Amino acid sequence: ILTLACAGLAEAGYLRWANVRADAYSLEHAREPDGLAAVIEHEWDHQSVDPSWPEEALFYTHPAMTGRIRHAMAWKAAHGG
């Protein structure tokens, strides 16, 4: 059971990492931070928008919505948007 729990946490961590990389890829290639933010908000699955880090690590397969949108807007500010 402990092995399954660890595997589940590792899988969720990997999926969060992959989503961060996908967001970065989108920003670098499409260069549409407002569009990315709109899609993130539209696809929100009604979980907490800003969970604590232990809650996110244990229960989430995607990064928190607040952090993803904050990153897109920071990218926009840094790239003259």
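Helices that extend 15 Å or more along their long axis by alpha-carbon positions and average at least 0.0 on the Kyte-Doolittle scale are, among the DSSP H runs of the chain, 2-30.
Mean silhouette area of the chain, derived from the convex hull of its C-alpha atoms and averaged over all directions, reads 5.5 nm². Here the accessible area of the chain is 62 percent carbon and sulfur, with a 1.4 angstrom probe and all protein chains present. Secondary-structure-derived ellipticity at 222 nm for the chain, considering helices only, amounts to -24000 deg cm²/dmol, per-run term -39500 (n - 2.57) for DSSP H runs with n ≥ 4.
The values are calculated or read from the model by the stated rules, or taken from the named source; none is laboratory data. All figures in this text were calculated on a predicted structure; none of them were measured in a lab. These area figures cover heavy atoms from the full protein model, side chains too; ligands, DNA and RNA do not enter into them. Shrake-Rupley method; radii C 1.70, N 1.55, O 1.52, S 1.80 Å.
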